[in-house]
Amino acid sequence: MLTKDQAICLRTVDYSETSQVVTLLCRRAGKLGAIAKGAKRAKSAFEGPLEVFSYGQAVFKAPPSGGKLATLTEFGQQPRFRGLRSSLYGLHCALLAAELVDGLTHEADAHPELFDIFVQFLSDVQEARGRAESLALLVLFELSLLQETGIQPMLKGCANCRRPFKPPWRQVYFSSSANGLICEDCEQAFPEKTRLSCPVGQTLSDLKGLVTAPEAVLNDVEKVLIYHFRELMHREPRMAKHLMK
Ligand SMILES: [Zn+2]
């Protein structure tokens, strides 16, 4: 049986001279690994090879029982995200976001809201003017990703004692094992943690400040999130080094 779904490509790997294995985020079907046979031929049902951020309507056959890969039979590409490649920094933000979506979702687990949020993020970052705006969009997207995958961190106050975050907390930490901010009274109980500056803690606990935060603070906020994703995924996100230069 063939399934039709809106999809966006998260990852591609060359499989043979003419074929690709692709990871798609589908709106209704969730994440899907699929083989696109002949995708690299001049004439194919995919309108050219698939790339990260190829977007459009996918038609696919579910994997055979016991098999891992679906078979992509058509991909009607819409040129929606070609502008992403016009800003290297924006592109790096988008590639990190795609890597995190891939790392935090499971195959066939449907997340239509996450699909919509991801598509909106890509369109916003494509229009973003400058690094600060791209970074603020990335931070908001990463927090939405955590929320949509059911692991929203506690950022309004201490994840351990629930004391609301208010300056003047002299010290503030983020701990992945606590899944949130940690106050100075609780920090000793959490060996795995990273220390934040007060403006970074403040920006994380009240996201309204993201829009006006200076680029240096946004950079540090993103560093905390990358720290958290590294702990969650048990590896360094590949794109992290391009953003944290
Ligand atoms: Zn506490």
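Taking only Cα atoms, what is the 0 to 90° angle, nearest 10, from helix 88-104's long axis to the longest principal axis of the chain? Relative to the chain, helix 88-104 is tipped by roughly 90 degrees. Give the cross-link partners of K241 among the aspartates and glutamates, using a straight C-alpha distance below 14 Å as the criterion and excluding same-chain residues fewer than 8 apart. Straight-distance partners of K241: E99, D220, E222. Working from Cα pairs under 8 Å separated by at least six residues, relative contact order for the chain is 15 percent. Each label point was placed 7 Å from the Cα along the Cα-to-Cβ direction; for F190 and R131 their separation is 2.8 nm. Check cross-link reach from K208 to the aspartates and glutamates: straight Cα distance under 14 Å, and skip same-chain residues fewer than eight apart. Partners found: E133. What you get for the range 84-243, charging only the Cβ of Lys and Arg (+1) and of Asp and Glu (-1), is a dipole of about 580 debye around the Cα centre. Oblate is the label for the range 174-245. Its Cα gyration tensor axes, ordered a ≥ b ≥ c, give a/c of at least 1.5 and b/c at or above a/b. In the chain, the DSSP-assigned H stretches of four residues or longer account for a calculated mean residue ellipticity at 222 nm of -10500 deg cm²/dmol, using -39500 (n - 2.57) per stretch and the full residue count as denominator. Along the charge dipole of the chain, Cβ charges K/R +1 and D/E -1, which of T3, T73, L181 sits furthest on the positive end? Checked the options; the winner is T73.
Considering only the Cα atoms of the range 116-187, their convex hull presents on average a projected area of 5.9 nm². Among 53-62, 184-193, sorting by the average number of other beta carbon atoms lying within 10 angstrom of each residue, highest first, gives 53-62, 184-193. Excluding same-chain neighbours fewer than eight residues apart, the lysines reachable from K37 by a Cα-Cα span under 17 Å are K61, K68. For the chain, a/c is not less than 1.5, where a ≥ b ≥ c are the root eigenvalues of the C-alpha gyration tensor, and a/b tops b/c. That puts it in the prolate class. Close amide H partners of G180, meaning residues 5 or more places away or on another chain with modelled amide H under 5 Å apart, are M154, S175.
Arranged from fewest to most other beta-carbon atoms within 10 Å of their beta carbon, C9, C93, C198 become C198, C9, C93.
Counted by neighbouring Cβ atoms within 10 Å, the residues M239, M1, M154 run from fewest to most as M1, M154, M239.
None of the figures in this text is laboratory data; all of them are computed from the coordinates on show. Nothing here was measured: the structure is a model prediction, and the numbers come from that model. Counting neighbours? That spans all protein chains shown, and the Cβs are built from the backbone with ideal geometry, glycine included.
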